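Asker: The structure's right below; bear with me while I get my questions together.
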Amino acid sequence: MIRYAKPGNLDEALTLLGEARWKILAGGTDFYPAMGSKPLADNVLDINGIAEISGIAGDASHVVIGALTTWTDLIRHPLPPAFDALKQAAREVGSVQIQNVASVAGNLCNASPAADGVPALMTLDAEVELRSLGGQRWLRLEHFILGNRRTAMQAGEMVTAIRIPRASTAGSSSFRKLGARRYLVISIAMAAARLVIAKDGRIEAAAVAVGACSAVAQRLDALEQTLVGLRPGRDVEQAVEAADLTRLAPIDDVRGSADYRLIAAREIVLRALQGALGASGRDMAA
Ligand SMILES: Cc1cc2nc3c(=O)[nH]c(=O)nc-3n(C[C@H](O)[C@H](O)[C@H](O)COP(=O)(O)OP(=O)(O)OC[C@H]3O[C@@H](n4cnc5c(N)ncnc54)[C@H](O)[C@@H]3O)c2cc1C
């Protein structure tokens, strides 16, 4: 017999997770579409009653986004400009109705290559908090999402939070998404960029990530290193033009060919960088 449970606190949820196999239900915006017309096959653990894992809080070392935090919660919460890319991504997740119920953590756990939250969270060096009866562990987002619909979550574990190190909340940021239409669309390619600009106007630190162009979104480490020390303007454009993006190895699908995705990725990386520079008060012409 299939069970349904809606625990009122985390301890209760972790106890249940230790007893049996469950499919976790948060906002349900991936959960239900994934079922299609098939009947329920798994026990359902509805985590919507666990108040302690909702909302955004912070301590001296981290900004912590609880697992039940919705995209709308995130958009409305005051956060430093380094989070602008994540907020822009939040506004691109489906429609306002979806954003009102869908959780940031659900986006990561679903592990779609086109998950809009992933690149911006990667540029913030986000870590995923996993809890089970046995304890607690944190994985860098890059180590949590392993492939298309695959995560490092073990049986008995659930995601309880996403945390961002304070050291990675510096600078300004921007997100760009390319879809086949403007609204309510799955990404063909997307990019997030976070830049820290030094007093002399040069780029002091750069974080750039591309999504929907590989099974898992990727940071462009080599480009990030090239950008450090450059002044906004032609040098940045040239660095993007010269960047080797072949590591992305995008797929061909109904939304776009691999070749098209690579061309699009380069363009939207540039636009994300321009957006981050604009938000920092500099622009590419400076
Ligand atoms: C019409 C529509 C449009 C959409 N548009 C977009 C879009 O533009 N961009 C985009 O990125 N996504 C889009 N989505 C997908 C979806 O809305 C997001 O991925 C959303 O963030 C998922 O969150 P959720 O709370 O609804 O997750 P759920 O559907 O509840 O869960 C998703 C998966 O994660 C697991 N899970 C959820 N929370 C936890 C947890 N705390 N611990 C462990 N496992 C967990 C569930 O078991 C399930 O496998 C769209 C969906 C719909 C229906």
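The values are calculated or read from the model by the stated rules, or taken from the named source; none is laboratory data. This is a predicted model, so every value here is computed, not measured. With ideal geometry, Cβ positions are generated from the backbone for all residues, glycine too; neighbour counts draw on all protein chains shown. Heavy atoms of the whole protein, side chains included, go into the accessibility calculation; ligands, DNA and RNA do not. Shrake-Rupley method; radii C 1.70, N 1.55, O 1.52, S 1.80 Å.
Asker: Return the residues of region 37-77 that are closer than 27 Å to residue 2 by Cα, open to solvent by 30 Å² or more (accessible area, probe 1.4 Å) and of a type in the set (Asp, Glu); say none if nothing qualifies.
Answerer: Of everything in region 37-77, those that are closer than 27 Å to residue 2 by Cα, open to solvent by 30 Å² or more (accessible area, probe 1.4 Å) and of a type in the set (Asp, Glu) turn out to be 42, 52.
Asker: Sort out which residues of region 157-174 are within 11 Å of the ligand (Cβ to nearest atom) and small (Gly, Ala, Ser), and write them in order of number.
Answerer: To start, the set of residues in region 157-174 that are within 11 Å of the ligand (Cβ to nearest atom) comprises 157-162.
Answer for region 157-174, where residues must be within 11 Å of the ligand (Cβ to nearest atom) and small (Gly, Ala, Ser): just 161.
Asker: Let me ask something additional. For residue 82, which of the numbered conditions (1) in contact with a Gly (Cβ under 6 Å, 6 or more places away or on another chain); (2) within 14 Å of the ligand (Cβ to nearest atom) fails to hold?
Answerer: The number of the failed condition is (2).
Asker: Give region 100-110 a look and list any residue that's within 10 Å of the chain's Cα centre (by Cα) and open to solvent by less than 10 Å² (accessible area, probe 1.4 Å), or say none.
Answerer: Hits for region 100-110 are 104, 105, 108.
Asker: Can you confirm whether residue 90 is at negative phi, modelled with pLDDT of 95 or more, open to solvent by 40 Å² or more (accessible area, probe 1.4 Å) and more than 8 Å from the ligand (Cβ to nearest atom)?
Answerer: So residue 90 fails the test.
Asker: Hey, residue 184 hits all of (1) farther than 14 Å from residue 278 by Cα; (2) of a type in the set (A, V, I, L, M, F, W, C); (3) more than 16 Å from the ligand (Cβ to nearest atom) but one; which does it fall short on?
Answerer: It is condition (3) that residue 184 fails.
Asker: Count, please, the residues in region 50-64 that happen to be within 13 Å of the ligand (Cβ to nearest atom) and in contact (Cβ under 8 Å) with a residue 24 or more places away in the chain.
Answerer: 3
Asker: I've got another one for you. Would you check if residue 265 is part of a loop (DSSP other than H, G, I, E, B) and either open to solvent by less than 80 Å² (accessible area, probe 1.4 Å) or within 19 Å of residue 185 (Cα to Cα) (or both)?
Answerer: Details: part of a loop (DSSP other than H, G, I, E, B): no; either open to solvent by less than 80 Å² (accessible area, probe 1.4 Å) or within 19 Å of residue 185 (Cα to Cα) (or both): yes.
The answer is no for residue 265.
Asker: Among the residues of region 22-36, is any open to solvent by 70 Å² or more (accessible area, probe 1.4 Å), more than 9 Å from the ligand (Cβ to nearest atom) and not β-branched (Val, Ile, Thr)?
Answerer: Filtering region 22-36 for residues open to solvent by 70 Å² or more (accessible area, probe 1.4 Å) gives 23, 32-34.
From what is left, the residues that are more than 9 Å from the ligand (Cβ to nearest atom) are none.
No, region 22-36 contains no residue that is open to solvent by 70 Å² or more (accessible area, probe 1.4 Å), more than 9 Å from the ligand (Cβ to nearest atom) and not β-branched (Val, Ile, Thr).
Asker: Within region 128-155, can you find the residues that are open to solvent by less than 40 Å² (accessible area, probe 1.4 Å) and more than 10 Å from the ligand (Cβ to nearest atom)?
Answerer: Residues satisfying the conditions are 132, 135, 139, 141, 144, 145, 147, 152.
Asker: Checking the condition under 24 Å from residue 163 (Cα atoms) and of a type in the set (Gly, Ala, Ser), which residue from 41, 20, 34, 13 passes?
Answerer: On the way: 41 fails: under 24 Å from residue 163 (Cα atoms); 20 fails: under 24 Å from residue 163 (Cα atoms); 34 fails: under 24 Å from residue 163 (Cα atoms).
Result: 13 is the single residue among 41, 20, 34, 13 that is under 24 Å from residue 163 (Cα atoms) and of a type in the set (Gly, Ala, Ser).
Asker: So which residues in region 191-205 are open to solvent by less than 20 Å² (accessible area, probe 1.4 Å) and closer than 13 Å to residue 275 by Cα, if there are any at all?
Answerer: 191, 192, 193, 195
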